[in-house]
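Q: Let me give you the structure first, and then I'll get to my questions.
The values are calculated or read from the model by the stated rules, or taken from the named source; none is laboratory data. Since we're looking at a predicted model, the values are computed, not measured. Counting neighbours? That spans all protein chains shown, and the Cβs are built from the backbone with ideal geometry, glycine included. Side chains are part of the model used for accessible areas, which takes the heavy atoms of the whole protein and leaves out ligands, DNA and RNA. Shrake-Rupley method; radii C 1.70, N 1.55, O 1.52, S 1.80 Å.
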Amino acid sequence: AAHGRFSLPESKNRPPGSVGRCRKIDVTWLIRSLSEKKRKWQAGRNLMEENKLVDDLMTEGVTVGLARTLVRSTDSFALRIWLVDNSGSMNNVDGNLVVQSKGPSIRVQNVKCTRWEEATSALLWHAKFSAKMK
């Protein structure tokens, strides 16, 4: 079966219309959702809303330039899909968590962790970010 520019051999064990070990997914709900969001985005954010979002990100230690870029990127990239590895190698302790200190001055340090803890931390941050961008 052809998928993009890659070809996958036909298999008796794979259901028709599937790619690799994954079944074909009906994404009509996704298309409807994106159309609705596009109408909302066309209205755009006002400057006060953008500045509040930037300020929120800066309290988490994000620089002003990166915060503004992240906020504006949601207008260009409406949908972000994460593919997460759940293999045994995710238990390897070769990941890094970015940990922010508590107190008046913001200090950030890297702490060794498993790949799974690193992925979980990143996914939670992006989930919170997405919720703020609504």
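Q: Can you name every residue in segment 51-79 that is touching a helix residue (DSSP H, G or I) at 6+ places or on another chain (Cβ under 7 Å), exposed (fewer than 12 other Cβ atoms within 10 Å of the Cβ) and either assigned to a loop (DSSP other than H, G, I, E, B) or in contact (Cβ under 8 Å) with a residue 40 or more places away in the chain (or both)?
A: 79
Q: If you don't mind, another one. Looking at segment 83-116, which of its residues are closer than 27 Å to residue 71 by Cβ and out of contact with any Ser or Thr (no Cβ under 8 Å at 6 or more places or on another chain)?
A: 83, 84, 96, 99, 100, 101, 102, 103, 104, 105, 106, 110
Q: Could you list, in sequence order, the residues of segment 101-134 that are surrounded by fewer than 11 Cβ atoms within 10 Å (Cβ to Cβ), part of a helix (DSSP H, G or I) and either polar (S, T, N, Q) or in contact with a Leu (Cβ under 9 Å, 6 or more places away or on another chain) (or both)?
A: None - no residue of segment 101-134 is surrounded by fewer than 11 Cβ atoms within 10 Å (Cβ to Cβ), part of a helix (DSSP H, G or I) and either polar (S, T, N, Q) or in contact with a Leu (Cβ under 9 Å, 6 or more places away or on another chain) (or both), so the list stays empty.
Q: Check whether at least one residue in segment 82-100 is within 26 Å of residue 33 (Cα to Cα), part of a loop (DSSP other than H, G, I, E, B) and either without any contact (Cβ under 8 Å) to a residue 40 or more places away in the chain or open to solvent by less than 90 Å² (accessible area, probe 1.4 Å) (or both), and report yes or no.
A: Within segment 82-100, the first condition is being within 26 Å of residue 33 (Cα to Cα), and the residues that meet it are 82-84.
Next, only the ones that are part of a loop (DSSP other than H, G, I, E, B) stay: 82-84.
Adding the requirement that they be either without any contact (Cβ under 8 Å) to a residue 40 or more places away in the chain or open to solvent by less than 90 Å² (accessible area, probe 1.4 Å) (or both) leaves 83-84.
Yes, the conditions are met somewhere in segment 82-100.
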